[in-house]
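One structure is given below, encoded as structure tokens.
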Amino acid sequence: MLRATGVTKAFGGLVAVDDVSFEIDDEEVVGLIGPNGAGKTTLFNAITGVYPPTEGEIYLNGTEITGMKPHEISRTGVARTFQTARTFNESTVLENVVVGGIFGNGDSRSAAEERARQNLAFVGLDDAIDEEVGALNLADRKLLELARALTTEPEFVLVDEIGSGLTPAELETLTDTLLRIRSERGISVFWIEHIMDAIMGSTDRIIVLNQGEKIADGTPEEVQQNQQVEEAYLGGVEV
Ligand SMILES: Nc1ncnc2c1ncn2[C@@H]1O[C@H](COP(=O)(O)OP(=O)(O)OP(=O)(O)O)[C@@H](O)[C@H]1O
Ligand SMILES: [Mg+2]
């Protein structure tokens, strides 16, 4: 279980994440939504050690991981993908995923490669393993990032937007893949997304941030009917 208590992250005078507490259970798919600048990516950065919180604690299965280095947190079982895909574009698909196993999990080259091949097959990129990443389309790059995250053998995968810029068919493939990560691998997914239809139809629970604060935490139905959530989005995306 992933648990955060009172997590705050300030950049100078700007409080990007403000006293946020939540829990994510094993094998749960939880959405994280909120208007642009609400603090969603910053919360992921706090959990994964990119920007350690200024206050509050984060626990993984009862062990405090607050303030650990990103590679240490990765090795305890928390993997992520990035809002803007971070890939080595001149390397092959296989090589990009192998790196996840070596640096994110401390594997030997051969163990990392074996798992990379399995995970590329799992996301449906087995035909593309020898291609240069720069030649992949956006949807395949998102699948590649998921394969790389899986290759660190996580218990939790944090996904920072996969839907933007995809066709409806690509979005369905990505959403199905996320749900299979839970159902076939038993891994929990914490998923930031702006595409409401995708996240409302595919999550057990949704957490809503607005100006750094958590304003709702409930089932998709509860969140959709929440007055504060509606107000946070007024003038923005429709919930
Ligand atoms: N490294 C940083 N230095 C200073 N301010 C930052 C930094 N990272 C984020 N911020 C600020 O923190 C606030 C929250 O940003 P964040 O990227 O977490 O929002 P978000 O909810 O992910 O938004 P979006 O939906 O647009 O991705 C914003 O005001 C942003 O400008
Ligand atoms: Mg963001």
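Applying 0.36 nm per residue to the separation of Ala121 and Asn137 and subtracting their alpha-carbon distance, the gain on full extension is 4.0 nm.
Between the C-alpha center of the stretch 66-95 and that of the stretch 1-50 there is a gap of 18 Å.
The HN-Hα couplings worked out from phi for the stretch 125-142 by the Karplus form 6.51 cos²θ - 1.76 cosθ + 1.60 (θ = phi - 60°) are 9, 5, 6, 9, 4, 9, 6, 6, 4, x, 8, 7, 7, 4, 4, 5, 5, 5 Hz, whole numbers, x standing for Gly and Pro.
Based on DSSP H runs of at least 4 residues, each adding -39500 (n - 2.57), what is the mean residue ellipticity at 222 nm of the chain after dividing by all its residues, to the nearest 500 deg cm²/dmol?
Details: 9 runs with 92 residues, N = 239.
Helix-only estimate at 222 nm: -11500 deg cm²/dmol.
Given Cβ point charges of +1 (Lys, Arg) and -1 (Asp, Glu) and nothing else, what value in debye, to the nearest 20, does the dipole of the stretch 78-153 about its Cα centre take? Kindly include the intermediate steps, with their values, before the conclusion.
Working: 8 positive and 13 negative charges, 79 e Å.
Computed about the Cα centre, the dipole is about 380 debye.
Calculated FRET efficiency, Ser21 to Arg180, Cβ-Cβ distance, R0 = 35 Å: about 0.75 to the nearest 0.05. Computed across the stretch 154-239, the Kirkwood radius stands at 13.8 Å (inverse of mean 1/r, all Cα pairs).
Whats the longest run of the chain with zero GluC sites (Glu not before Pro) that are DSSP loop and have at most 10 other Cβ atoms within 10 Å? Mind showing how you got there, number by number?
Details: sites that count: Glu90, Glu238.
In the chain, the maximal stretch lacking such sites is 91-237.
By DSSP, what percent of the beta bridges with both residues in the chain are antiparallel, rounded to the nearest 5? Roughly 55 percent of the DSSP beta bridges within the chain come out antiparallel. Of the two radii for the chain, the radius of gyration is 0.96 times the Kirkwood radius, both from the alpha carbons; that is the Rg over Rh value.
Pairs of Cα atoms under 8 Å, at least six residues apart: use those to get the relative contact order of the chain, whole percent.
On the way: 490 pairs, mean separation 61.4, N = 239.
Normalised by residue count, the contact order of the chain is 26 percent.
How many lysine pairs in the chain, separated by 8 or more positions in sequence or lying on different chains, have Cα atoms less than 20 Å apart? Total qualifying Lys-Lys pairs in the chain comes to 6. Of Tyr51, Leu138, Ala4, which is farthest towards the positive pole of the chain's charge dipole, taken about the Cα centre with +1 and -1 on the beta-carbons of Lys, Arg and Asp, Glu respectively? Of the listed residues, the answer is Tyr51. A full extension of the chain between Glu57 and Glu172 corresponds to an added length of 37.9 nm, given 0.36 nm per residue minus the alpha carbon distance. Estimated at the nearest 10 Å², the accessible area of Met196 is 20 Å² with a 1.4 Å probe.
Under the simplified labelling scheme, the Asp130-Arg3 pair shows an inter-label distance of 5.0 nm, with each label point 7 Å from Cα along Cα→Cβ. For the chain, the longest principal axis of the Cα atoms and the long axis of helix 109-122 meet at an angle of about 70 degrees.
Taking the radius of gyration and the Kirkwood hydrodynamic radius from Cα positions alone, what is the Rg/Rh ratio for the stretch 1-80, to two decimal places? Radius of gyration relative to Kirkwood radius: 0.94. For the stretch 78-153, the normalised intensity computed at q = 0.12, 0.24, 0.28 Å⁻¹ comes to -0.25, -1.06, -1.42 (log10 of I(q)/I(0), Debye sum over alpha carbons, equal scatterers, no solvent).
The values are calculated or read from the model by the stated rules, or taken from the named source; none is laboratory data. None of these values were measured; they are calculated from a predicted model. As a convention, Cβ positions derive from the backbone with ideal geometry for all residues, glycine included, and neighbour counts pool all protein chains shown. The accessibility values were calculated without ligands, DNA or RNA, using every heavy atom of the protein model including side chains. Shrake-Rupley method; radii C 1.70, N 1.55, O 1.52, S 1.80 Å.
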